Amino acid sequence: MEPTLHLHEFFVEGSSPEVSHVLLNITEPSTPTEKSKGYFFAICEINNAETKYISKMQNIIDEIENNYYEIPDQPGQTAMEIVLDKVNQESLSIVKPDISLHCIVGAIRENDIIFSFYGYPQMVLFYKTKDGFYKKMDLVEQNKANEQSDKNQLFSQIIQGKIGPNDFFFAGTPHIIEYFNHDRLQKIITTRPPRQSSEHLQRVLSEIKNDLSFGGIIINLQEAAEFSAPIKSSPARKGGAGRSLKNLFSTERNTAHILSPSLLPRFQEKLDFAANQNESTSEMMADKADIRGSADISSSHLHARVAKNSPHGVRSKKGEAMNVEDFIKKTFAFIWKIIKYAVRGLALLLLFIGAILSALGKNFLLLFFIATNYQNRRHNILAEWARWWRNLTENARHLPLVTKILLSLSLILLLAFSAGIFYMGAKQKRVARAAAYTEAIQNIKTKGDAAESSLVYNDANTALANIKEAEQILNNLSCITALEKTNCKNLQDRLGGLLMKARKITLARPQLVADWNSLAPSAPINNVFLLNNKIYGFGQTSADILTYDPLVKESKLVTPGIFVKNFNAASVPKENDYAVLLYDDKNIVQFNPKDNAWKKVDIDYPNQNVTIANISVYNRRLYSLDTQNNQIYKHDAIKTGFSQGKEWAKINTADIKMGADLAIDGDVFVLGKNGVVYKFTNGAAQPFTIAGLDPELTSANEIWTYNDLNYIYILDATGKRIIILEKTGQLKKQVMAAEFFHPAGMIVDEQKGAAYVLDSNKLYQISL
């Protein structure tokens with residue numbers, strides 16, 4: 001059994017036809033020849049148009065319908081293409097920039113559909129996939145994306161394809177989308193018969209009751225229950241396989257004129273055509289009886305085809321329109337003879353201006369082709385532009401004097417009008433910007449005052465939140481004038497000062513005490529330690545040790561008696577009688593300052609494979625941080641060095657594989673490379689959180705504390721700062737300096753309130 005065609009329409013008339021008027025036309029053929037061409041349909045919405053314009057559009061639709069059924073298909077060209085070609089040649093007068101027109105005309109025969117459109121009507125195909133689900137295809141957007149046709153033509157492209165069994169084709173006026181999006185339409189249309197769907201849409205849209213009119217059709221090729229064999233597509237007209245609407249193909253009209261418009265050569269032709277053509281189509285359309293075929297067609301706008309010369313084919317409204325037109329022609333015949341030449345000149349001027357405006361839109365698109373040489377169009381476009389300019393100048397020279405005068409006046413008025421619009425727009429922008437600027441400045445001041453009040457009560461968190469909000473507003477504020485720049489600078493300085501207070505930042509002025517670049521020009525120094533009132537520096541790539549004596553303010557290069565490289569860390573006990581240095585990630589060198597003796601000493605670990613990141617001596621015992629095994633070892637001092645370490649940290653209490661340094665004050669503090677600080681008491685991990693720090697610590701180099709120190713000191717190379725914490729984790733202070741670029745090592749003398757910082761092989765002394 002063959003699938004059954006279902007076509008149902010809906011129509012809702014708005015309260016104001018001048019605002020929104022819908023033309024809906026569905027034609028059922030009567031003769032066998034006409035039936036071979038199927039059902040003709042047209043849907044148009046016209047906004048802000050007079051009755052005369054609406055009548056003219058109806059005449060055009062009637063003409064398309066008549067010619068479609070009367071003109072036979074030609075080899076390589078369908079009747080619809082022939083008809084629309086003719087309409088496009090005569091459609092210049094119907095396309096007006098002040099009138100919104102959205103139109104669809106087409107025909108469906110069996111499962112073949114052919115249509116064209118103008119503007120932005122709604123055309124959606126809901127097709128069923130192999131898995132039984134429906135998908136949607138927006139036919140307007142799909143074809144608008146590649147459209148390069150003349151906007152002065154009504155129907156610049158022909159789209160044709162096939163509707164598959166159980167597919168739904170929806171066409172309607174553009175404002176429907178404001179109340180029914182495509183997903184909702186899909187649910188309504190695909191879950192119920194087309195008749196019920198159209199009735200539902202009409203009922204809902206009728207309840208809106210506004211100025212808008214609505215109209216549309218739903219087409220469905222319903223497959224019979226026993227119909228199971230897939231429908232094979234017939235061969236495409238232009239070679240290749242047949243295509244469905246899911247693989248549409250379109251034919252562009254007047255492709256010879258796509259590159260660039262030919263403006264002036266056609267003015268006289270268009271003027272003569274407009275002067276001699278009747279205001280409306282002279283043919284009267286046949287009256288059509290309400291005929292129902294075998295297909296399920298439901299429409300109050302359905303009419304059957306009758307002979308064009310039938311005496312019953314005259315419509316009363318059309319006849320009235322024709323009588324009015326005859327009266328107008330006779331009334332103004334004499335006037336036309338008098339002002340003929342003036343009208344011709346004015347018409348030429350209007351056509352000239354209209355053509356220029358049309359060309360401007362096209363030429364913006366052509367600039368893209370020239371810049372990108374898309375599809376090798378650059379040469380052709382440039383040649384076409386040269387020809388257009390020659391035609392423009394040639395025709396301008398032959399314009400009548402009155403036209404030249406009118407053209408000059410029009411250009412002057414256009415420039416004056418444009419300048420006025422630009423001035424008013426610019427003034428409105430200035431007023432709006434001034435209001436926005438004033439509001440933003442006030443918000444910044446308000447949040448700054450709130451932050452200042454919070455600092456009085458030591459509420460740093462609230463202060464920081466207000467400061468950051470104020471900074472965000474200030475960063476987005478455009479400061480143009482000199483006064484605005486001054487105000488913004490003052491606000492920025494104020495917020496900067498408040499931010500430093502909230503962050504507890506102190507700007508130090510470091511004193512350069514030693515420049516080791518001359519002693520070690522190629523060896524970076526990245527660690528320092530204090531032993532017997534002297535500062536020692538070392539690096540991973542050199543076996544040399546650099547010293548600085550604060551008493552004599554002298555630097556020296558020391559070469560140990562043993563050859564050792566790859567120094568990683570160092571530690572000095574509280575007794576200040578020796579130093580131990582870690583090298584090769586697990587070995588120890590001991591230095592005795594009394595006799596300047598360097599020697600390798602014993603040390604062993606409970607695990608065979610270890611990676612010791614750092615060491616610390618506390619109460620004559622050495623603690624080592626093993627990042628490979630996530631463990632801290634405690635080594636007792638023996639005559640030859642240090643004993644085999646014992647696992648001190650309780651298993652799985654904390655993840656210290658990212659550990660970079662450790663410090664001990666009775667508790668053990670491990671500093672991670674990610675800025676996290678872990679605290680251990682008797683081997684067990686304890687809660688420890690850095691509080692009040694902004695910006696947060698995301699990386700760190702070194703941690704420093706002892707049992708006789710009041711605070712914990714952290715060196716943050718990325719943030720170029722020294723962070724001072726209470727031993728509870730609460731922020732005490734942040735110390736920063738403009739001289740800090742790559743701080744790598746730190747020594748803290750809390751009693752003197754000072755610290756030594758190593759930066760780029762330079763040693764600085766700063767006040768804490």
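In the range 679-703, what residues are closer than 27 Å to Asn458 by Cα and among the aromatic types (Phe, Trp, Tyr)?
Across the range 679-703, the qualifying residue is only Phe688.
If you check Pro17, Pro32, which single one turns out to be more than 39 Å from the chain's Cα centre (by Cα) and exposed (fewer than 15 other Cβ atoms within 10 Å of the Cβ)?
Pro32
Among residues belonging to the range 563-607 that are assigned to a loop (DSSP other than H, G, I, E, B) and among the aliphatic types (A, V, I, L, M), point out the one that is nearest to Lys534 (Cα to Cα).
Once the filter is applied, the top-ranked residue is Val572.
Looking only at the range 119-133, count how many residues are surrounded by fewer than 21 Cβ atoms within 10 Å (Cβ to Cβ) and not β-branched (Val, Ile, Thr).
8
Find all pairs meeting these conditions: Cβ atoms under 6 angstrom apart; at least six residues apart or on different chains; first residue within the range 506-525 and of a type in the set (Phe, Trp, Tyr); second residue at pLDDT 90 or above.
What qualifies is Trp516/Ile525; Trp516/Leu546; Trp516/Asn761.
Residue-wise test of (1) charged (D, E, K, R); (2) buried (at least 19 other Cβ atoms within 10 Å of the Cβ); (3) in the same structural domain as Ile444 (by TED's automatic domain parsing); (4) at pLDDT below 90.
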{"residue": "Glu469", "(1), (2), (3), (4)": "yes, no, yes, no"}
{"residue": "Ile535", "(1), (2), (3), (4)": "no, yes, no, no"}
{"residue": "Lys556", "(1), (2), (3), (4)": "yes, no, no, no"}
{"residue": "Thr559", "(1), (2), (3), (4)": "no, no, no, yes"}
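If you check Ala654 against the conditions, is it in contact with a strand residue (DSSP E or B) (Cβ under 6 Å, 6 or more places away or on another chain), in the same structural domain as Pro743 (by TED's automatic domain parsing) and at pLDDT below 95?
Yes; evaluated as a whole, the condition is true for this residue.
Can you run down the residue pairs with Cβ atoms below 8 Å, 6 or more apart or on separate chains, where the first is in the range 404-425 and touching a residue at least 60 places away in the same chain (Cβ under 8 Å) and within 20 Å of Val343 (Cβ to Cβ) and the partner is assigned to a helix (DSSP H, G or I) and among the small types (Gly, Ala, Ser)?
Here the result reads Leu406/Gly345, each pair linking the range 404-425 to a residue that is assigned to a helix (DSSP H, G or I) and among the small types (Gly, Ala, Ser).
Condition first: assigned to a strand (DSSP E or B) and among the basic types (Lys, Arg). Now tell me which residues in the range 610-625 satisfy that.
Once the filter is applied, which keeps residues that are assigned to a strand (DSSP E or B) and among the basic types (Lys, Arg), the range 610-625 yields only Arg621.
Results for (1) over 12 Å from Tyr713 (Cα atoms); (2) out of contact with any Gly (no Cβ under 6 Å at 6 or more places or on another chain); (3) surrounded by fewer than 19 Cβ atoms within 10 Å (Cβ to Cβ); (4) touching a residue at least 40 places away in the same chain (Cβ under 8 Å), shown as yes or no for each residue.
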position: Glu726; (1), (2), (3), (4): no, yes, yes, no
position: Phe741; (1), (2), (3), (4): yes, yes, yes, no
position: Glu750; (1), (2), (3), (4): no, yes, yes, yes
position: Asn761; (1), (2), (3), (4): yes, yes, no, yes
position: Leu768; (1), (2), (3), (4): no, no, yes, yes
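Of all residues being free of Cβ contacts under 8 Å to residues at least 60 places away in the same chain and not charged (D, E, K, R) in the range 384-403, which is farthest from Phe369 (Cα to Cα)? Just the residue, please.
Among those residues, the one meeting the criterion is Leu401.
Tally up the residues in the range 643-663 that are under 17 Å from Ile612 (Cβ atoms) and surrounded by 19 or more Cβ atoms within 10 Å (Cβ to Cβ), please.
The number of residues fulfilling the criteria is 8.
Looking at Ser418, Ser410, which is the one that is modelled with pLDDT under 90, part of a helix (DSSP H, G or I), of a type outside the set (D, E, K, R) and more than 30 Å from Glu484 (Cβ to Cβ)?
Ser410
Among the listed residues Ile61, Ile46, Ile71, Ile54, which satisfies the condition of being closer than 14 Å to Val105 by Cα, surrounded by 15 or more Cβ atoms within 10 Å (Cβ to Cβ) and touching a residue at least 12 places away in the same chain (Cβ under 8 Å)?
Result: Ile61 is the single residue among Ile61, Ile46, Ile71, Ile54 that is closer than 14 Å to Val105 by Cα, surrounded by 15 or more Cβ atoms within 10 Å (Cβ to Cβ) and touching a residue at least 12 places away in the same chain (Cβ under 8 Å).
Hey, any hits in the range 669-682 for a residue that's more than 30 Å from Glu739 (Cβ to Cβ), part of a loop (DSSP other than H, G, I, E, B) and at pLDDT 95 or above?
no
What is the number of the single condition among (1) within 23 Å of Leu201 (Cβ to Cβ); (2) modelled with pLDDT under 90; (3) buried (at least 19 other Cβ atoms within 10 Å of the Cβ) that Leu24 does not meet?
Checking Leu24 against (1) within 23 Å of Leu201 (Cβ to Cβ); (2) modelled with pLDDT under 90; (3) buried (at least 19 other Cβ atoms within 10 Å of the Cβ), the one that fails is (2).
Looking at (1) assigned to a loop (DSSP other than H, G, I, E, B); (2) surrounded by 13 or more Cβ atoms within 10 Å (Cβ to Cβ); (3) in contact with a Phe, Trp or Tyr (Cβ under 6 Å, 6 or more places away or on another chain), find the lone condition where Ala523 falls short.
All conditions are met except number (3).
Please go through the range 683-697 and pick out each residue that is over 42 Å from the mean Cα position of the chain (by Cα) and surrounded by 11 or more Cβ atoms within 10 Å (Cβ to Cβ).
Once the filter is applied, which keeps residues that are over 42 Å from the mean Cα position of the chain (by Cα) and surrounded by 11 or more Cβ atoms within 10 Å (Cβ to Cβ), the range 683-697 yields Gly683, Ala684, Ala685, Gln686, Phe688.
Going through the range 160-209 one residue at a time, which ones are at positive phi and either among the charged types (D, E, K, R) or outside the structural domain of Ser16 (by TED's automatic domain parsing) (or both)?
Scanning the range 160-209 gives a single hit, Lys209.
Can you name the residue in the range 25-77 that is part of a helix (DSSP H, G or I) and among the charged types (D, E, K, R) and is also farthest from Ile113 (Cα to Cα) among such residues?
Lys52
Just checking, which of Lys586, Lys600 is surrounded by 15 or more Cβ atoms within 10 Å (Cβ to Cβ), farther than 22 Å from Ala684 by Cα and of a type in the set (D, E, K, R)?
Matching residue, one of Lys586, Lys600: Lys586.
Any idea which of Ile588, Ile603, Ile612 is within 27 Å of Asp665 (Cβ to Cβ) and within 53 Å of the chain's Cα centre (by Cα)?
Just a single option satisfies the conditions, and that option is Ile612.
Regarding Asp636, is this residue modelled with pLDDT of 95 or more and loosely packed, with under 15 Cβ neighbours inside 10 Å?
So Asp636 fits the description; yes.
The values are calculated or read from the model by the stated rules, or taken from the named source; none is laboratory data. Remember, it's a predicted structure, so these values are computed and weren't measured experimentally. All Cβ positions, glycine included, derive from the backbone under ideal geometry; neighbour counts span all protein chains shown.
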